[in-house]
Amino acid sequence: MKLLSLILAGLLLLSQLTPGGTRKCWNFHGKCRHKCFKKEKVYVYCTNNKLCCVKSRYLPKNLPWQI
């Protein structure tokens, strides 16, 4: 029983540490990262305290009456 719980704990830990497992944000157009790339902008923050990096073409346009 101890071995089974140890294996399950190890698998849970490995599932959290998989490389390339960035979370999606902003209607699946952005990715949660610590630092955005050059062509990306921060629009909102992710729930895991990272930046939601979105490419400029997916950001909403400012409407004239919202300025």
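How far, in nm, would the chain grow between L4 and L59 when pulled straight, counting 0.36 nm per residue and subtracting the alpha carbon separation?
Numbers: separation 55, 0.36 × 55 = 19.80 nm, distance 4.69 nm.
Taking 0.36 nm per residue and subtracting the Cα distance, the gain is 15.1 nm.
Computed over the stretch 21-66, relative contact order equals 33 percent, with contacts defined as Cα pairs under 8 Å that lie 6+ residues apart.
For K61, a cut-off of 30 angstrom between C-alpha atoms picks up these lysines, skipping any fewer than 8 places away in its own chain: K24, K31, K35, K38, K39, K41, K50.
Take the stretch 21-66 with all the other protein chains still there, run a 1.4 Å probe, and you get 87 Å² of accessible area per residue. Accessible surface of the stretch 21-66, 1.4 Å probe: 54 percent of it comes from carbon and sulfur atoms.
Scoring 37-45, 2-10 by mean Cβ neighbours within 10 Å over their residues and listing the highest first yields 37-45, 2-10.
Please compute the length gained on full extension between K38 and K24, using 0.36 nm multiplied by the number of residues separating them and subtracting their Cα-Cα distance. Provide the component values of the computation, followed by the final result.
Details: separation 14, 0.36 × 14 = 5.04 nm, distance 1.83 nm.
Working it through step by step, the gained length comes to 3.2 nm.
The values are calculated or read from the model by the stated rules, or taken from the named source; none is laboratory data. Predicted model only: the values in this text are computed from it and were never measured. Cβ coordinates were reconstructed from backbone atoms using ideal geometry, including for glycine residues, and neighbour counts include every protein chain displayed. With ligands, DNA and RNA removed, areas are computed over all heavy atoms of the protein, side chains included. Shrake-Rupley method; radii C 1.70, N 1.55, O 1.52, S 1.80 Å.
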